[in-house]
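> If you scroll down you'll find the structure; I have some questions about it.
The values are calculated or read from the model by the stated rules, or taken from the named source; none is laboratory data. On a predicted model such as this, the values are computed, not experimentally measured, just so you know. All Cβ positions, even for glycine, are placed from backbone atoms using ideal geometry, and neighbour counts span all protein chains on display. Accessible surface areas use protein heavy atoms only, side chains included; no ligands, DNA or RNA. Shrake-Rupley method; radii C 1.70, N 1.55, O 1.52, S 1.80 Å.
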Amino acid sequence: MAGPPPTESGTIGRMFSGRRVLAATVAAAALVSVPGAPASAGGLPASPAAVATPHVVPAPTSLRTVPGVSFTLTRKTRIVARPGSGTAGSYLAGVLRRSTGYPLPVTVSGGSRDVIDLALSRNEKGEGYRLAVTKASVRLEAGTAEGLFRGVQTLRQLLPPSVESPTRKPGPWTMPGVQVEDSPRFAWRGIMLDVSRHFFTVQQVERYIDQAAAYKINMLHLHLSDDQGWRIAINGWPRLTTYGGSTAVGGGKGGYYTQADYTRIVRYAAERYMTVVPEIDGPGHTNAALASYAQLNCDGKAPPLYTGTEVGFSSWCIAKPVTYELLDDVLGQLARLTPGPYLHIGGDEAHSTTPADYATFIGKVAPIVGKYGKKVAGWNEIGAGKIPAGSVAQYWNTAKGSEDGTQTARDAVAQGAKVVMSPANHAYLDMKYDENTPLGQDWAGLVEVQDSYDWDPATLVDGVTEKNVLGVEAPLWSETLVTSDDIEYMAFPRLPAIAEIGWSPQAARAWSDFRLRLAAQGPRWTAAGVHFYRSPQVPWPTS
Ligand code: NGO
């Protein structure tokens, strides 16, 4: 390899002993207070190469810079996407062509100079990848196409922020010489979007998918039904959407996905190696469906549509066979439309269902999910019912102090379930940042960026340890959110914090280091037109 041997560099070259990480963090703080600016603090000379120090989020397992080495994209650069590399090459070309204006042809083979070379390798597995930037080329290797796609997200962050612009910018397009080795801590790194309280179009969902994919998110949980709206067309039950989907919180016009729309979202996500998990909430949070069909109600009377924000007042009629006929159709159709292994059955806040009825309900619905070849996912409450081993319980209560949440999560684990961590006081993107945040709620407290970052999924709930945890997910509930700007303002910069918790080793994570790397994302979001919250906790670059 050309150039001097790799050295551990300030910000994210690390070995994962606690001491080592601390040293790296301190060095980072001294060297880079403003990302991209020449390092001069502490009397150190500015770097001779005008190439920004890499500030990658989520932090890779190891990143070493190679001093004096860099790679510059040119009009002649080619992207070589070798057989088996999936969408990684074309996705990268799509991002880079917009801002560079270069042709960047994608070919299946090619030379060794002026190329970005994506190849499968037996040395890597799963989502793991290895990235080497030298003077002549960029080489990305992974065991799977998915791994290459994750590596592409790291590669993007090595280029100047304006590379994220949707329109042509001047460059130069230079990356620092690096060697990266990386693989994720957790298999499930999710986002959830509530399309029920307010409806978001396919295009809005796609925009959020791309924004999340940049931080290596791999699960998209769609909250498709709630008291205020039913958002997925189900054959044989047209009123669920034509009536039950006709409004939203505050009385807006609502909306719904046809099955073709849903399939478009699933495909768009799959091209970004993101698995869709559809949620049909029950037995609570069911008013929109109950309003659509009188026969679903125990008293045979349909309640009115609901556009408020209270929770806990609705329940499926547990004793009526029609409830399960409906759910068989809904879950069967969703299973057919969803390539991913999970169907999410909700299960939260069933305050109008007796505990015995709740257990009956879970006992009837879980087998329907199994019958259609899928695994059960649900909010942690499902642990109170009988669920098959291999199910997923999503912990959403506030950390500590939630006896019920802790108990049901443990009950789920005792039945062989894994836990996805979404503690509301850390991971809920709909919580306000501070008392002045114009959007969001505060029932779980105010959640500033550091609150979203400083926790460990493996120690949050007593009795639920690392081996029980499948991953993390950042839910975005939409009672107060209407536009894509609203989504982005609540998700950025907290979503990257949750993404890093899901991806990076716990021992490698420190807030003092993360806030600097996060600051470097600001100009990227500005270039991309992402509307984000300029948290005072983060030293955003001023220019
Ligand atoms: C709770 C509730 C949702 C709300 C959300 C608002 C869960 C799992 N159920 O979380 O219906 O929208 O809080 O933050």
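> Could you count how many residues in the range 430-445 are open to solvent by less than 50 Å² (accessible area, probe 1.4 Å) and charged (D, E, K, R)?
Going through the range 430-445 one residue at a time, the tally reaches 3.
> Related question: Among the residues of the range 176-188, are any more than 27 Å from G440 (Cβ to Cβ), out of contact with any Phe, Trp or Tyr (no Cβ under 9 Å at 6 or more places or on another chain) and of a type in the set (S, T, Y)?
The answer is no; no qualifying residue exists.
> Continuing with the same structure: Scan the range 409-429 for residues that are away from the ligand (no atom under 11 Å from the Cβ) and open to solvent by 20 Å² or more (accessible area, probe 1.4 Å) and jot them down.
Of everything in the range 409-429, those that are away from the ligand (no atom under 11 Å from the Cβ) and open to solvent by 20 Å² or more (accessible area, probe 1.4 Å) turn out to be R410, D411, V413, A414, Q415, G416, K418, H426.
> Another question, if that's okay. Pick from R122, R113, R75: which is loosely packed, with under 14 Cβ neighbours inside 10 Å, touching a strand residue (DSSP E or B) at 6+ places or on another chain (Cβ under 7 Å) and of a type outside the set (A, V, I, L, M, F, W, C)?
Only one candidate passes the filter, namely R113.
> Another one. State yes or no: is G405 open to solvent by 10 Å² or more (accessible area, probe 1.4 Å) and either away from the ligand (no atom under 11 Å from the Cβ) or closer than 30 Å to Y453 by Cβ (or both)?
Spelling it out, it is not the case that G405 is open to solvent by 10 Å² or more (accessible area, probe 1.4 Å) and either away from the ligand (no atom under 11 Å from the Cβ) or closer than 30 Å to Y453 by Cβ (or both).
> If we scan the range 430-440, do we find a residue that is within 17 Å of the chain's Cα centre (by Cα) and within 11 Å of the ligand (Cβ to nearest atom)?
Yes, the range 430-440 contains a residue that is within 17 Å of the chain's Cα centre (by Cα) and within 11 Å of the ligand (Cβ to nearest atom).
> Given the condition within 14 Å of the ligand (Cβ to nearest atom), surrounded by 15 or more Cβ atoms within 10 Å (Cβ to Cβ) and modelled with pLDDT under 95, answer yes or no: does some residue in the range 363-382 qualify?
No: zero hits.
> Give just the number: which of (1) of a type outside the set (S, T, N, Q); (2) under 26 Å from E381 (Cβ atoms); (3) touching a residue at least 40 places away in the same chain (Cβ under 8 Å); (4) crowded, with 24+ Cβ neighbours inside 10 Å does F186 not satisfy?
Result: F186 passes all but (4).
> Tell me whether the range 194-215 contains one or more residues that are more than 16 Å from the ligand (Cβ to nearest atom) and touching a Pro at 6+ places or on another chain (Cβ under 6 Å).
Yes, some residue in the range 194-215 is more than 16 Å from the ligand (Cβ to nearest atom) and touching a Pro at 6+ places or on another chain (Cβ under 6 Å).
> Enumerate the pairs (first residue in the range 284-304 and in contact (Cβ under 8 Å) with a residue 40 or more places away in the chain and small (G, A, S); second residue anywhere and assigned to a helix (DSSP H, G or I) and surrounded by 14 or more Cβ atoms within 10 Å (Cβ to Cβ)) with beta-carbon separation below 7 Å, excluding pairs fewer than 6 apart on the same chain, so at least 6 apart or on different chains.
A289/L240; A289/L296; S292/R239; S292/L240
> Is it true that K253 is modelled with pLDDT under 95, more than 16 Å from the ligand (Cβ to nearest atom) and either outside any helix (DSSP H, G or I) or outside the structural domain of G332 (by TED's automatic domain parsing) (or both)?
So K253 passes the test.
> Over 12 Å from V80 (Cβ atoms) and surrounded by fewer than 21 Cβ atoms within 10 Å (Cβ to Cβ): is that true of R150 in this structure?
no
> So which residues in the range 448-486 are surrounded by 16 or more Cβ atoms within 10 Å (Cβ to Cβ), of a type outside the set (A, V, I, L, M, F, W, C) and more than 19 Å from the chain's Cα centre (by Cα), if there are any at all?
N468, E479, T480
> Identify, by number, the condition in (1) within 16 Å of the ligand (Cβ to nearest atom); (2) polar (S, T, N, Q); (3) open to solvent by less than 20 Å² (accessible area, probe 1.4 Å) that T323 doesn't meet.
(1)
> While we're here: Looking at the range 200-211, is at least one residue assigned by TED's automatic domain parsing to the domain that holds G346, in a strand (DSSP E or B) and at pLDDT 95 or above?
no
> Could you check, for the range 283-297, whether at least one of its residues is away from the ligand (no atom under 16 Å from the Cβ), modelled with pLDDT of 95 or more, polar (S, T, N, Q) and under 28 Å from Y215 (Cβ atoms)?
no
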